[in-house]
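Novice: Pasting a structure here, questions to come.
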Amino acid sequence: MTHRVTLIPGDGIGPELAEATRRVLDESGVSFTWEVVDAGEAVMAQYGTPLPDHVLESIRRNRVALKGPITTPVGVGFRSVNVTLRQALGLYANVRPARSMKGLDSRYQDVDLVIVRENTEDLYAGIEHMVGRDAAESIKIITREASERIARYAFDYAVANGRRTVTAVHKANIMKLSDGLFLESCRTVAAEYEGRVEFQDRIVDNMCMQLVQKPEQYDMLVAPNLYGDIISDLAAGLVGGLGVAPGANIGLEAAVFEPVHGSAPKYAGLNKANPTALLLSGVLMLRHLGEQAAADRVETAVRDVIAEGRDVTYDLGGKAGTSDMADAIIGRLRSGSASPS
Ligand code: NAD
């Protein structure tokens, strides 16, 4: 069977990472037809928007997309393409695994976290306005429906993937209504899974400290949008940095897989950036498509190349370029020498 997938290379380092990832996934044993569509800075002049309608239509049609990072101008201009995509396609769950890998220079060797971030509301709803000339107001939206939906996603994921504990992250001691509603919704859903998945909660500031000091004690985290965004970068830092952190945005009608990192403009076109985060996003996509064996093969080949430490990019202490690292991973796949993880 051939999978038809929308491929959005993105801005900055995106195109070179997308090319490397496409080459590796084409060696995974799974057949893909890539529908390549451009979004971001590159298409602004041509379409007058960074997110032309045909990009959304392509994702709606194929139901699955692999996406490179897209630049968001700070403070001015268009809203983030990434946030708009998630809202337009109802991609309500952002799933970001952070797992230690042999060969990565990090403080911990035994981190295995999955962060489930609510993706559609909170302060990212984009409801902001000036109050007079010298004050600005941003409105934080938390609903029972979205909070219960994300909690249910986290618990279902825990059951399906044999995870033991879900920790809800909040600041309900201060934001008693909004974060209070999020916490209450998580507790309601947790009760349905009693005996199968354990539940606990942490205040977000304490959560950050705990993650820095003893990340191995945590399993899955579920958080509203803003805390989830911050905590997933923190977790990426615990296991080797942004260059190796993948992500998935899941909705009822479509799924978009993308790295946690951004477009890193200063490295654009230099064949320097690490392709691992987009590649591992591709592994999450393979799993979503039901291609478990191919996903295992690619993940193992990536892990082996990183463990060996020779053909890795600058951020992992190596000298290899983006394309060299992809070549080394392809070499592993072709020789069938990827050891089981
Ligand atoms: P960034 O993630 O692009 O880069 C921060 C630093 O992390 C880089 O300077 C680099 O040192 C390192 N880095 C990131 N990815 C790497 C990789 N693959 N290999 C090696 N090193 C890597 O963050 P930023 O500079 O804050 O953001 C740049 C742009 O990307 C902004 O416009 C931002 O809005 C956008 N962004 C997009 C997404 C997305 O598309 N989902 C996510 C985050 C940021």
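The values are calculated or read from the model by the stated rules, or taken from the named source; none is laboratory data. Quick caveat, the model's predicted, so the values are computed rather than measured. So basically every Cβ, Gly included, is an ideal-geometry build from the backbone, and we count neighbours across all protein chains shown. Side chains are part of the model used for accessible areas, which takes the heavy atoms of the whole protein and leaves out ligands, DNA and RNA. Shrake-Rupley method; radii C 1.70, N 1.55, O 1.52, S 1.80 Å.
Novice: Among the DSSP beta bridges whose two residues both lie in the chain, what percent are antiparallel, rounded to the nearest 5?
Specialist: 45 percent
Novice: Ok, one more. Please say if the range 1-155 is rounded, prolate or oblate, where rounded means a/c under 1.5 for a ≥ b ≥ c the square roots of the C-alpha gyration tensor eigenvalues, and otherwise the choice is prolate for a/b larger than b/c and oblate otherwise?
Specialist: In terms of gyration-tensor shape, oblate.
Novice: So if we plug the beta-carbon distance of Tyr47 and Asp205 into 1/(1 + (r/R0)^6) with R0 = 45 Å, what FRET efficiency do we get, rounded to 0.05?
Specialist: My answer for the efficiency is 0.60.
Novice: By the gyration tensor of its Cα atoms, with a ≥ b ≥ c the square roots of the eigenvalues, what is the shape of the range 214-316: rounded for a/c under 1.5, prolate for a/b over b/c, or oblate?
Specialist: rounded
Novice: Here's something else I'd like to know. Under a plain spin-label model, where a point goes 7 Å from the Cα along Cα-to-Cβ, how far apart in nm are Ile141 and Ala268?
Specialist: For Ile141 paired with Ala268, the spin-label model returns 3.1 nm.
Novice: Still on this model: Given a Förster distance of 22 angstrom, what is the FRET efficiency for Arg164 paired with Leu226, based on the Cβ-Cβ distance and rounded to 0.05?
Specialist: 0.25
Novice: How far, in nm, would the chain grow between Asp156 and Ala293 when pulled straight, counting 0.36 nm per residue and subtracting the alpha carbon separation?
Specialist: 47.1 nm
Novice: Can you classify the range 187-257 as rounded, prolate or oblate using the Cα gyration tensor, where a ≥ b ≥ c are the square roots of its eigenvalues, rounded means a/c under 1.5, and otherwise it's prolate if a/b beats b/c and oblate if not?
Specialist: oblate
Novice: Where is the GNM fluctuation largest for the chain (alpha-carbon springs, 10 angstrom cutoff): Asn94, Asn225, Asn206?
Specialist: Residue with maximal mean-square fluctuation among Asn94, Asn225, Asn206: Asn206.
Novice: For the range 190-207, just list the computed ³J(HN,Hα) in residue order, Karplus coefficients 6.51, -1.76 and 1.60, θ = phi - 60°, integers in Hz, with x standing in for Gly and Pro.
Specialist: Karplus values, whole Hz, x for Gly and Pro: 4, 4, 5, 10, 4, x, 10, 9, 7, 10, 8, 9, 9, 6, 4, 5, 4, 4.
Novice: What distance in nm separates the simple spin-label points at Met175 and Thr33, each placed 7 Å from Cα in the Cβ direction?
Specialist: In this crude label model, Met175 to Thr33 measures out at 4.4 nm.
Novice: Cα centroids of the range 132-197 and the range 205-267: how far apart, whole angstrom?
Specialist: 16 Å
Novice: Determine how large the accessible area of Phe78 is when every protein chain is in place; take a 1.4 Å probe and give Å² rounded to the nearest 10.
Specialist: 90 Å²
Novice: Which residues in the range 40-55 have a backbone N closer than 19 Å to a point placed 7 Å from the Cα of Thr2 along the Cα-to-Cβ line?
Specialist: Nothing falls inside the zone, counting backbone N under 19 Å.
Novice: Provide the per residue accessible area, probe 1.4 Å, for the range 192-341, rounded to a whole number of square angstrom.
Specialist: So the range 192-341 comes to 41 Å² accessible per residue, rounded to a whole number.
Novice: Might you report the magnitude of the Cβ-based charge dipole of the chain about its Cα centre, with Lys and Arg at +1 and Asp and Glu at -1, to the nearest 20 debye?
Specialist: 280 debye
Novice: Can you give me the three principal axis dimensions of the chain from its C-alpha atoms, in Å, biggest first?
Specialist: 56, 50, 38
Novice: Rank Val169, Val83, Val222 by mean-square fluctuation in a GNM of the chain with C-alpha springs under 10 angstrom and give only the top-ranked residue.
Specialist: Val83
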